[in-house]
Structures are given as structure tokens and as C-alpha cells.
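Just below is one structure, and these are the notes that go with it.
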Amino acid sequence: MKSTLSSAAISIATVAVARAAATAAPETERLLNSIRSKEDKVRCEAWQSAGGVGASALAPLAALMLDVDIEVARAARLAMEKIVHHAGRPAAASEARAVEAELVKLLRHDSPIIRRAVIWMLSEIASDDSIQPISALLADAQVREDARCALQRIPGDKSVTALRDAMRAAPEEFKYAIADSLRKRGQNVADYPTKKLIPTRSTQVQATPASSK
Amino acid sequence: MRYKNFRSISRRRFLGASAAALGGFTLLPSGVLAQPGRPGANDRIVVAHIGVGGMGNVHLSNMLQYQREGKVRIAAVCDVDESRLRAAVKTAGAGVEPYRDYRYILQRKDIDAVLIATPDHWHGVQTVHACESGKHVYVEKPSSVTIEEGNAMVAAARANKVAVQVGAQGRTGKGAWYTCRAIRNGIVGQVRSVECWHYANPVDDKPVPDSDPPASLDWDMWLGPLPWRRFNARYCPGVFRWFLESGGGQIRDRGAHQFSTILWCMNADKQTSFTVQAKGTPPSKGLWDCPVDMEVVYQFKDPDWTLVWGQPGNKVGKTEFGQVFRGANGSLILEWEGAYRGAEPDAINFKLPPGGQEVYRTAEYEDFNMNHKADWFKSIREGHLRPAVDIEIAHHTATLCILGNISYILGRKLVWDGQNQRVVGDEQANRLLSRPQRYPYVL
């Protein structure tokens, strides 16, 4: 099954994976090779066992998320999520921080598909170290909503401060969403009342006329 | 019949007089019950349908029956798929207004109650919004996809004094009732374990690339609270069930039915703390990500018992899914959720022992779907606003389903503190109890 990614993006991804694989640890290399497999079973077993491979596999896996084969791309994302879930387990703080650091680097990736996926992965394990780089994406029209959601989810004062700071610079229509996040975090926001109950979508469908009853 | 001079009589007198005058069948508008003194449009409850595919069509059919019996009036239908909406408005008949955006319905003061049968990721948001708009709610199970949503739904129902019934019909079903009274009164002795069996989640064996949505579908509204992504034909309709973030698989679909009935039989609605450990086999391909096979073990304390979700599990009954209660003196099977299927003869023939505990069940209709709605209407009519599957009960059930999936996703055992609604000692798991929603589709 082929995706509809541009050939340029595919070329970049292929080069990135080749470079990463050339310098990767044997464990990572084995994982990447299995994720690239054409065999469903091999890919599936590979992503399931990715947790222990750790932070170093994240960048090459992210590149594989742009693979032309959607099954390979999907397996790569699942492998990344597995690494995040494994690193986030209790009493594994150093692993979590290593994974977080690699994910933060990927927030600058050219592809919004990867930036969006990484934001949500980070939202599960991010410490204060991730707040500034995620906040920077509030100015990125393609993923700003995901960045807002992540900041809403990440506990602590720094994420609240980042949302408050964003209220000053954000485009006017985006301020309503940020205000909602702040309220969800227990903050008082006087302006920008919720729009959640305001209908916006009308239909072309007509009611049945009485005569046709 | 129209009511006049509402301000001149008390709510209690009004309720009593109405019930007496109309033989107890009349349903009172929510505006009257929620805000004494505010006149309703007439003596029928006015309902609207949000989501009219799948179970939404069953609800519409039920309300048409209630309408023929003079108990409700259908005012509106809503769907984000115009082809479904067109079919529903035709079925509903003249005078029923179609909407794509459910919020138009919530703005209408003449509508007392809504029936929500949208994909699961919409249940929490739409229920909270309906409660905040003063509407009574019948919402499909599972009640929510996150713990945060479930808590918000309970809070919204209580704050706005409306009845929220969740569509797990077991607790008004005859089969579950026979089983419940037998189990609670010792037919198998003290129950130590309840084991469920259920067939597998399907594999997406025909994956397709992302594409443009069909012209009739408002994809943005379908996604609603979920993070934005391009349309894929394997998301909908119906197959949303096989995504962990939306439908949550069999454990959150049928599990919401079975767990609701089991907690009822075990008298365990207040046993909100437990441990949960899940394992499963993920699909090897395709867009759907719910595990094909799954085993989830829940341990409850004081009294001690174990609940096992088996997919496929150990099928000891005759039908596709069900559960077996195992006690010190034997075992008792219940097929399905005890509504669509009946009880075992041993349960039906069970005689309450002296001093035994009888169990209440609304029994107005033989049809279990109609009867479950009758129970909802009864809670409105009587003003107690606590139907058989009140949102608080349903939230406890959904919590079992949701945490089973989180344990599977994280690959570890979780210790759930129901009192504080937190996972003990697992920060990542606690972050997964909520999923911030895409604006403006927010709680």
C-alpha cells in the first residue's frame, strides 16, 4: 500500500534512515530493518519489542514514519510510541529524560506529520525541559492546536505560564482555545469566553413537508 | 393539553396532580422539573436525536413508538453525515427539523431531552453540553473515552439537575434481573470470580491511503474533539469502534454492557478501587489498533473478587459473548448482557430465601430497548433523576473499560484509586486519564 507523500519527502526520509542506520547500534539497526520488512508479522513483532531499544532509535524511526509504504510508516510510529510508553514507566526517570531529549529535537522536523505525533508523545512524559520547545510550536499554524493540548496536559506551573505568555502573541481566533486550556488548568481568564456552545455548521437537508406525512 | 399558571402551584403538587390526572403516564418537560415554575411546551416530553446511524436508528424507532403512544414528540434529528440525516428526517416525519450541528438543538428551549448515539469520542462533550443546556440525556455506552470526561459528565448532570441514562440495557433487562437477584441471594454462594468471554476485535485487512472525505460527510465535525488528521475510509462509519482513541474495541463496547451488569449483580457500584493488568495481541497490519485478542484481570478488595475480560476467553456459554459467575457453591452463566438474551433456568426459577434481598427493575415494556428508555423517562417523571444506569454508575463501568485499555497500551499493571480518580504511582498513566480536546469541541 502506497501513501501519497511527495517524492522529495520520501528521498529525504530514505537518506535520513540510511544515515541513521549506518551509525546506529546493532540493536537499533535490527529494529529498523524489521520495521522496514514487507512481512506483516515481522514488522508487528518489531514494534512491539521496541520499548527497550530506547531513545537512540527515535530519530531513525521518525524518518521511517514518512516511508512510502503506509504499513512501514505506521509500524515506525507504533515503535516510537512503544519506546515512550516503556520509558514512562515508574522509576525510570533517566530513560524518560533521554527519550524526552530526543523527542524535543524532532519537534523541529520538516514534516508536520512527525511534529504532531511527537508533540502527543511528549505530552505523556514531558518535564519542564520540553515546555519552551513545545510553546514555540504555538506559532506553527499546522500543529499549534496539538501544542496547546500538550501544554494543557503537562502538569506544573511552567506549562501554565507558557499558555499565559502565548495569550499575548497568539492570533486573535486562537486566543479562545488558549483561554480554554488555561481554564481547564484552573486559571481565571476574564476575556475570550468559550465558543463551545455556538453552532457553526448549517445543513442543506430540508425538513419533511407536512403534506408528505 | 397545555399547562397554565405553573407559577401558582408547587413542583411537588404539580408532579402529584399530573401523575394522578394522567394515570402516571405523562412525561414532564425537563424545563419544568429542572426549574419549577417554567412552563413546558405541552405535556409530552420533546426529544431530539443526535447521531442517527447504527444505534441512533434504534433510538429513533423507539421514540416514534413513544410518539405514537402520545408520550413524546420528536422535534429534531442531527447528523454530520447528510445522507444519514436525509434518511432520518424522512423516517421521523413532518415537523422534525434536521441539523448538522447538534448545538442548534441545544439552543432550542422547546427541546427537553436528547438521545446521543454518536461515535464514542463525542459522548462526553455532547453530554456535558446538553446538561449545561438543561436537557435530559440518553447517551450510548460507553459513556466516555477518558476518565476526565466521565467525571465531567457526572458533575454536569448533578449541577444542572438533569437525568443522564447510559444505554447499557442490562440493568433494566429481564435476564440480568433474574441473574442479579439469584447471585445477590447466594445461588452460587459468595462469588470469587466473574469471567467474561467475547470474540476478537477485527483486523483492518483492507487498509487504504488517506483521502478526501465523501461530499456528504462533515469530517471536521466527525472528528470533533480528536486531534486533526486527514480522512481515511477506515475510520467511519461504524468502524471507529476499532480505534483505541475512539471506540476502544470490544472491551469498551460490549465490556460496557457486561461490566455494568456484573457490577449490578455483584452489588459492587461502590467498589471503585481495583488493580488492572492487561495483555493483548495487536493487529499485524492496517489502521485499526485495538488488540485482536485480549485478557484483562481486575482484582477487587473487601470483598475480594476477580473480574476477567477474556477475548476470546473461556467460552462456557452458548452465544458470542457472556460471563460466568463462579462461587463457593457452583457457577451461573449469563449470556450477553442479560437484556438481549434471557437468564439461565436456574436463575429464573430461583426462589428468594426468607429475608432475601429483592432487586428493583423498571418493567414497563417487554422490548429491552423500549424498557430502558421507560426507566429514563420514569426518573424524569418521578423527579429523582437517577435512572438505572445513571451516569455515575456508567462512569464506574467505563472506568474499568478505559483502564483496561490503558494497561494494555502501557504494558503494565495499574493500581486504581477510585476515591481520588488517580492511578497510584504512575505519572504517565495519570496523564492518559484525559486527552485534551480540539477546540471548540471541548468539555
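What net charge is computed for the residues neighbouring B:GLN271, neighbours being all others with C-beta under 15 Å from the C-beta of B:GLN271, Lys and Arg scored +1, Asp and Glu -1?
-1
Neighbouring Cβ atoms within 10 Å as the yardstick, rank A:SER211, A:SER123 fewest first.
A:SER211, A:SER123
Please list 3J(HN,Hα) in residue order for segment B:268-273, calculated via the Karplus relation 6.51 cos²θ - 1.76 cosθ + 1.60 where θ = phi - 60°; whole Hz, with x for glycine and proline.
Coupling constants for segment B:268-273: 10, 5, 9, 8, 8, 10 Hz.
Provide B:LEU287, A:LEU64 in ascending order of the number of other Cβ atoms located within 10 Å of each residue's Cβ, fewest first.
Listed from fewest to most nearby Cβ atoms, that is B:LEU287, A:LEU64.
Please report the projected area of chain B's Cα convex hull averaged over all directions, in nm².
Projected area, direction-averaged: 21.7 nm².
Would you mind checking which residues have amide H under 5 Å from B:VAL46's amide H? H placed 1.01 Å from N; only 5 or more apart, or other chain.
B:SER30, B:ARG73, B:ASP112, B:ALA113
Among A:LYS82/A:LYS105; A:LYS105/A:LYS196; A:LYS184/B:LYS161; B:LYS141/B:LYS279, which pairs are too far apart, with a Cα-Cα distance over 25 Å?
From the list (A:LYS82/A:LYS105; A:LYS105/A:LYS196; A:LYS184/B:LYS161; B:LYS141/B:LYS279), the Cα-Cα distance tops 25 Å for A:LYS105/A:LYS196.
Just to confirm a number: summing +1 for Lys and Arg and -1 for Asp and Glu over residues other than B:LYS141 whose beta-carbon lies under 10 angstrom from that of B:LYS141, what do you get?
Working: positive: B:ARG252, B:ARG254; negative: B:ASP120, B:GLU140, B:ASP253, B:GLU337.
Neighbourhood net charge equals -2.
Taking θ as phi - 60°, what are the ³J(HN,Hα) couplings along segment A:59-72 by the Karplus curve (6.51, -1.76, 1.60), each to the nearest whole Hz, with x for Gly and Pro?
Result, ordered by residue: 5, x, 5, 4, 5, 5, 4, 9, 4, 5, 8, 5, 6, 5 Hz.
Karplus couplings for segment B:387-398 from phi (6.51 cos²θ - 1.76 cosθ + 1.60, θ = phi - 60°), rounded to Hz, Gly and Pro as x?
With coefficients 6.51, -1.76 and 1.60, one gets x, 4, 10, 3, 4, 5, 5, 5, 5, 4, 4, 4 Hz.
5 Å is the cut-off here: which amide hydrogens, built 1.01 Å from N in the peptide plane, fall below it relative to B:SER331, excluding neighbours closer than 5 in sequence?
none
Work from the charge dipole of chain B (Cβ charges, +1 for Lys and Arg, -1 for Asp and Glu, about the Cα centre) and give the residue of B:TYR365, B:PRO303, B:LEU334 farthest towards its positive end.
Farthest towards the positive end: B:TYR365.
Sequence gap at least 6, Cα distance under 8 Å: using those rules, report the relative contact order of chain B to the nearest whole percent.
After rounding, I find 19 percent.
Collect residues whose amide H, placed 1.01 Å from N in the peptide plane, falls under 5 Å from the amide H of B:VAL77; neighbours closer than 5 in sequence don't count.
B:HIS49, B:GLU97, B:TYR99
Using the number of other C-beta atoms within 10 angstrom as an exposure proxy, rank B:VAL46, B:VAL208, B:VAL80 with the fewest first.
Taking fewest neighbouring Cβ atoms as first place, the list is B:VAL208, B:VAL46, B:VAL80.
Tilt of helix A:144-153 relative to the longest C-alpha principal axis of chain A, in degrees (0 to 90, nearest 10)?
90 degrees
With just the Cα atoms defining each centre, how far is segment B:124-179 from segment B:367-443? Give it in Å.
So the separation of the two Cα centres works out to 9 Å.
Coordinate-derived values only; no laboratory data. Every value quoted in this text rests on a predicted model; they were computed, and no experiment measured them. Here the Cβ is made from the backbone with ideal geometry for all residues, glycine too, and neighbour counts use every protein chain on show.
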